[in-house]
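The structure appears below as structure tokens.
Readers should treat all values here as calculations from the given coordinates under stated rules, not as data from a laboratory. Model, not experiment: these values are computed from the prediction. Cβ: placed from backbone, ideal geometry, glycine included. Neighbour counts: every protein chain shown.
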Amino acid sequence: MAHRRTPAALLAGLIFGGLALAAPAASRAQAYNATPAVSVAPDGPGATVLVHASLDIEAPPSAVWATLTDCAGAPRFTPGLISCKVVQRGPGWEIREHRLKGPIFHPVVLNIFRLDFDPNKRLSFRRTGGDWKRSDGEWTLTPLSGGKGTHVTYVVHFAIDAPIPAGAMRDGVQKGLPKSLIALRAESVRRAAYP
């Protein structure tokens, strides 16, 4: 039986796969096992979206960083990611290519983006090519509990060049992104336990 991808799962995979200053609604999770805080709002005309999200992870920033920067392991916590490839690399930056499962009318979505690194603290990204109209944002990591935990914030501005109604896009992200962030948490905790 073929696995059917829901619109929420597709959108979360596309957003999370695009790689991702939190707003008040997403400033701080309440506990390590709390549901991630996610805020999704319109960001310009059409289906352009601004996402703010945060969660606390019971793992040091180095484990979260290792998870976020692991191109080969990205499918473990990025729904719909088919492949991740480092295209170019320099001191403190990389250009990556993500191929993601897309909707039926566009089965593979390509996102090419530049990552700029501030190890264990900040990972910023911006679109350089591919099927997206816009994809730029950042991940920030703040130590908690003397460095035993990490507060993660994720902000992304994005637009996909596809006929998806703006409301459906926002609803899909609001429903699907928390699952992706919970997968990031689980993978980071696993890494911390088995470095």
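Of all residues in the stretch 67-83, those satisfying the criterion of being farther than 19 Å from G176 by Cβ and in contact with a Pro (Cβ under 9 Å, 6 or more places away or on another chain) are T69, S83.
Scanning the stretch 134-177 for residues that are over 26 Å from R114 (Cα atoms) and of a type outside the set (A, V, I, L, M) yields S145, G146, G147, K148, G149, P165, G167, D171, K175. Scoring G92 on the criteria (1) within 16 Å of the chain's Cα centre (by Cα); (2) of a type outside the set (V, I, T); (3) at positive phi leaves a single failure, condition (1). Beta carbons closer than 9 Å, at least 6 apart along the sequence or on distinct chains, pair a first residue in the stretch 93-118 that is among the small types (G, A, S) with a second that is surrounded by fewer than 17 Cβ atoms within 10 Å (Cβ to Cβ) and in a strand (DSSP E or B) for G102/V108.
Each residue in the stretch 118-131 was checked for being closer than 19 Å to G90 by Cα and either over 14 Å from the mean Cα position of the chain (by Cα) or not in a strand (DSSP E or B) (or both), and 6 of them qualify.
Just to be sure before I move on: is R134 farther than 27 Å from D171 by Cβ and under 16 Å from the mean Cα position of the chain (by Cα) in the structure I sent? For R134, the condition - farther than 27 Å from D171 by Cβ and under 16 Å from the mean Cα position of the chain (by Cα) - is not met.
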